[in-house]
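First the structure, in the form of structure tokens, and then the observations on it.
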Amino acid sequence: MYTHFADLDSRLIVLSCIEDANTLTCVVTVVSKTGRCPNCQYGSHKRHSAYMRVIDDLPIQGKSVQLYLKTHKWFCTNSFCEAKVFTERFEWLLPHGQRTVRLDAALRVIAFSTNCIEAAHVTRMLGMPVSHDTLLRLIHTTEMPTVHSPFCRH
């Protein structure tokens, strides 16, 4: 089970897990001694604070997975940067996101393969419970490649 989270980020440490009939809830933290400002890309060693984020991930054995991620805020030490405090960024998690990138990708595949009402039923049965409105939002925010018609004369 812990290798499931190591695929997300090798710095993740699982502090505790609680399992019930339908859900696996894990408290995880990230080992990091520095943070990189998203505005100026300047590295910082000055930690501001810590806070918890609740993140949904891919299911394990049909059980929905919820991560309580303890992450950090950092002071930007670049005096020319507008951001004085910034939050830690992860490549497997969008800023302000509540789902991992890999869960979003799986939900997009399901949403595009059928209508969103049926897809909501499927995701619930697979351990990825989301509403049909969430699936519609995923479809609308997906960038579609522009395809030029072979029948166009222009």
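The values are calculated or read from the model by the stated rules, or taken from the named source; none is laboratory data. Just so it is clear, the structure is predicted and the values come from calculations on it, not from any experiment. As a convention, Cβ positions derive from the backbone with ideal geometry for all residues, glycine included, and neighbour counts pool all protein chains shown.
Key figures for this structure:
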{"item": "Looking only at region 123-154, and only at residues there that are touching a residue at least 40 places away in the same chain (Cβ under 8 Å) and among the hydrophobic types (A, V, I, L, M, F, W, C), the one that is surrounded by the most Cβ atoms within 10 Å (Cβ to Cβ)", "result": "128"}
{"item": "Residue check for residue 65: among the β-branched types (Val, Ile, Thr), under 30 Å from residue 126 (Cα atoms) and touching a residue at least 40 places away in the same chain (Cβ under 8 Å)", "result": "yes"}
{"item": "Top-ranked residue of region 1-59 - restricted to ones that are among the acidic types (Asp, Glu) and modelled with pLDDT under 90, ranked as farthest from residue 88 (Cα to Cα)", "result": "7"}
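Table: residues versus (1) in contact (Cβ under 8 Å) with a residue 12 or more places away in the chain; (2) surrounded by fewer than 17 Cβ atoms within 10 Å (Cβ to Cβ); (3) outside any strand (DSSP E or B).
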{"position": "18", "(1), (2), (3)": "no, yes, no"}
{"position": "25", "(1), (2), (3)": "yes, yes, no"}
{"position": "29", "(1), (2), (3)": "yes, no, no"}
{"position": "38", "(1), (2), (3)": "yes, yes, yes"}
{"position": "48", "(1), (2), (3)": "yes, yes, no"}
{"position": "52", "(1), (2), (3)": "yes, yes, no"}
{"position": "69", "(1), (2), (3)": "yes, no, no"}
{"position": "83", "(1), (2), (3)": "yes, yes, yes"}
{"position": "86", "(1), (2), (3)": "yes, no, no"}
